1. Could you tell me which numbered condition Ala25 fails, if it satisfies all but one of (1) modelled with pLDDT of 80 or more; (2) out of contact with any helix residue (DSSP H, G or I) (no Cβ under 6 Å at 6 or more places or on another chain); (3) of a type in the set (A, V, I, L, M, F, W, C)?
2. State whether the residues of the stretch 111-118 include one that is within 23 Å of Ser228 (Cα to Cα), part of a loop (DSSP other than H, G, I, E, B) and modelled with pLDDT of 90 or more.
3. Return the pairs, sorted by first residue and then second, in which the second residue is of a type in the set (Gly, Ala, Ser) and surrounded by fewer than 24 Cβ atoms within 10 Å (Cβ to Cβ), the first residue lies in the stretch 111-125 and is touching a residue at least 24 places away in the same chain (Cβ under 8 Å) and farther than 15 Å from Asn240 by Cα, the beta carbons are less than 8 Å apart, and the residues are 6+ apart or on different chains.
4. List the residue pairs whose Cβ atoms are under 6 Å apart, where the first residue sits in the stretch 223-243 and is more than 17 Å from Gly77 (Cβ to Cβ), the second is basic (Lys, Arg) and in a strand (DSSP E or B), and the two are 6 or more positions apart or on different chains.
5. Could you look through the stretch 1-17, keep only residues that are touching a helix residue (DSSP H, G or I) at 6+ places or on another chain (Cβ under 8 Å) and modelled with pLDDT of 75 or more, and pick out the one that is surrounded by the most Cβ atoms within 10 Å (Cβ to Cβ)?
6. Can you tell which of Ala231, Ala305 is among the hydrophobic types (A, V, I, L, M, F, W, C) and surrounded by fewer than 19 Cβ atoms within 10 Å (Cβ to Cβ)?
7. So which of Thr130, Thr203, Thr216, Thr144 is over 30 Å from Arg287 (Cβ atoms) and either surrounded by 20 or more Cβ atoms within 10 Å (Cβ to Cβ) or under 22 Å from the mean Cα position of the chain (by Cα) (or both)?
8. So, in the stretch 237-259, how many residues would count as being modelled with pLDDT of 95 or more, of a type in the set (A, V, I, L, M, F, W, C) and surrounded by fewer than 23 Cβ atoms within 10 Å (Cβ to Cβ)?
Amino acid sequence: MAANDLSAWIPIEWDSDVIQRVLKASAVEANASRVSMGTSTKRVLRAGDFDINVGTTYVDDDSDLDYVTLTARRFMGKTVLEEDDLHDAESIVDVIGQRAMDYAVSYASFLDNACLAVTAAENGTTVPFTSAYRAVRSNGADGTSTYVADANYVNYNGAASAAYDDFSDLLSLVEGGEYWDETSAYLIAHPNFRDVMRRTKDTNGTPVFVQGIAGTPDTLFNVPIFWSRGARTSAANSKNPAGNPIMVFVGSASVLKLGVRSGPESQVTPSDAQSNGDQTALKLRSRRGFAVGNVFGVSVLEKSA
């Protein structure tokens, strides 16, 4: 393969090591409801009420069809390579593979942080989306005008004595509503919670946290847990957030919407006669949109101490 053949955007195949690394490291990529995007924005209908009556005469349903809007953002990176270090096309491909793996690790945390834990209002750049944390802590941030800020929020003070009740409260906030499906509900948590979960037991002394075996996920109260280094609060999108660890309970697999426009994909641009140096540029990107389908189907626990 000649270097010039790599100048177009080349999709990284879904069965590649890069994609497997992304799916393993990103809880959102692996678990959110994926929506194909053929354009930069897409409206996605969300579940709502439907009027039911009993008798012999039909009554018209007067509930409104509602939707959320996904806007694709570019999660991108670039590295410059000295062509003296690239002797042939095989070397270029090797470098693409290694740098793509490096990108995958950072991208996974960066995306999860954007979708789950960024605290500020969406601006399309430093705050790509309205995160689950922001939606839960704001009045109608997902477009649901009836939602009141912090209704689905639990502040956990970090004390072992409070863990059992607070973890249970996190689940109960969604389990009592219309957007809970026991068969597809799941948790996303920062690994910081693993220690306190292992120490939390019920009144019979039975641990509520069970570590998965043979590839099965860990569980808390029999709910699957997926771990994410991006599940820490931050004012702006970060691959290494340093704020409070959070745990997000998703009541149904359809609640978190991940728009997939393209990628991960790579592009190589070798130097040419007009270049001032012998350098090859490697660009990597993934275009994604995200929205909380309905905030009533999500709850957030924040470890504040």
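The values are calculated or read from the model by the stated rules, or taken from the named source; none is laboratory data. The model shown is predicted, which means the values in this text are computed figures rather than measured ones. Because the Cβ atoms are built from the backbone with ideal geometry, glycine has one as well, and the counts that use them run over all protein chains shown.
1. (2)
2. Yes, the stretch 111-118 contains at least one residue that is within 23 Å of Ser228 (Cα to Cα), part of a loop (DSSP other than H, G, I, E, B) and modelled with pLDDT of 90 or more.
3. Ala120/Ala235; Ala120/Ala236
4. The qualifying pairs are Pro241/Arg232; Gly243/Arg232.
5. The extreme case among them is Ile12.
6. Ala305
7. The unique qualifying residue is Thr216.
8. 1
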